[in-house]
Structures are given as structure tokens and as C-alpha cells.
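The values are calculated or read from the model by the stated rules, or taken from the named source; none is laboratory data. Note that the structure is a prediction, hence the values are computed from the model and not measured. Cβ placement follows ideal geometry from the backbone for every residue including glycine, while neighbour counts extend to all protein chains displayed. The area values use the complete protein model at the heavy-atom level, side chains included, leaving out ligands, DNA and RNA. Shrake-Rupley method; radii C 1.70, N 1.55, O 1.52, S 1.80 Å.
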Amino acid sequence: WRIAAKPTLNMTQSSSPPDLIDQFIARYRREFDFYELAGRVVSEQLDARLESSGIRAMVTSRAKNPKRLEVKVRQRNSEHNYAQIDDIYADIVDLAGVRVALYFPAERDEVDKIVKETFRLSEIPKIFTGTSNPTFAKRFSGYWATHYRLQIREDTLPEANKRFSEARVEVQVASVLM
């Protein structure tokens, strides 16, 4: 019988800090409720404004799923080579998201006006116009939507919710069929 040598603990392996993306995901998991609630606040404000303007739409919100977020960040890291956690936060713009599904796409201009009046836009909206002009024919003409990156105006929030004015939220406006 041979007695095997005791395994040694590799100190460099067990004491090394988690990689940057792991740190980011761990922090995001702790902040998940903040993004969930920020999306909900935007959703509620927008839904109320649309309803008072007579615009029918389905308005939903969500915080980015941590598992999907990790996949996205790891894919984007090869292109962006993040140096610090703040680089990831600057790059990923949809941690909190709201979707506005319009029953009548012709109301997009009115929704655009409401979004711009209600929130602080952090950049020019991105308009996706599809692959061809929409027609009345029964065929799909590509993705048609407007994406807004915005923040809640602090003066529209009660004192207890002022912190949500710091959250960046992506709002996507498209037709119900999209």
C-alpha cells in the first residue's frame, strides 16, 4: 500500500479575486430591485400619460435578467475589453426596460411627444424603420420601432423615490404586432 501525498492548496487559485464581469453581475444582482422598480415607475408614468391622451397601448416593464445579462456582457467584452465595472454600466443601456406596444401605429408621433415631455432623454432616440416600407399587404416588413434612452424627471417623483431619477431606462415603442 502506498500512502498518497497530501494535496496542497493552491493559494493563488483560491485567493484570486473574481473576474470583472463576475463582480459586475454580483453587483447587478444586489441592485436588481432598483432597476425593476425604476422600470415600473417609468411604465406607470408613461401608461398614465398615454391613457389621459386617449392612446391605447400595452405598457410593460422589466429589469434585465441576470443570466442573460451575463451572456451579453461576456459577448460584448471581446469587442469593448472592459477595464472597470463602470465601463460595463456605461455600455449596457437596458438594465431597466419598458415596452410600449401600440394598437394604432399611427399614434407613434403623439407617443414621441409624450415621452419627450415626460422624461429627460439621455440621447437622441433610435428609429428602426424595417427592411421595406410598411404596406397593407399581409407580409412582414421588418422591425419598426423607436428606442428611447431616458431618465425620470426628479420633480415628478415623491421624496422617497427621488433616487430613481438616476436610473437609465430604455423605452421601446412599437406596434402590438411587433
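The residue of the range 139-165 that is modelled with the lowest pLDDT, among those that are under 22 Å from the mean Cα position of the chain (by Cα) and open to solvent by 80 Å² or more (accessible area, probe 1.4 Å), is TYR143.
Residue by residue, here is whether (1) over 13 Å from the mean Cα position of the chain (by Cα); (2) under 20 Å from TRP144 (Cβ atoms); (3) of a type in the set (A, V, I, L, M, F, W, C) holds:
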position	(1), (2), (3)
VAL41	yes, no, yes
LYS72	no, no, no
ILE85	yes, no, yes
ARG108	yes, yes, no
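Could you check how many residues of the range 148-164 are farther than 19 Å from ASP112 by Cα and free of Cβ contacts under 8 Å to residues at least 40 places away in the same chain?
To start, the set of residues in the range 148-164 that are farther than 19 Å from ASP112 by Cα comprises 154-155, 157-164.
When the remaining residues are screened for being free of Cβ contacts under 8 Å to residues at least 40 places away in the same chain, the result is 154-155, 158-160, 162.
Summing the residues that are farther than 19 Å from ASP112 by Cα and free of Cβ contacts under 8 Å to residues at least 40 places away in the same chain in the range 148-164 gives 6.
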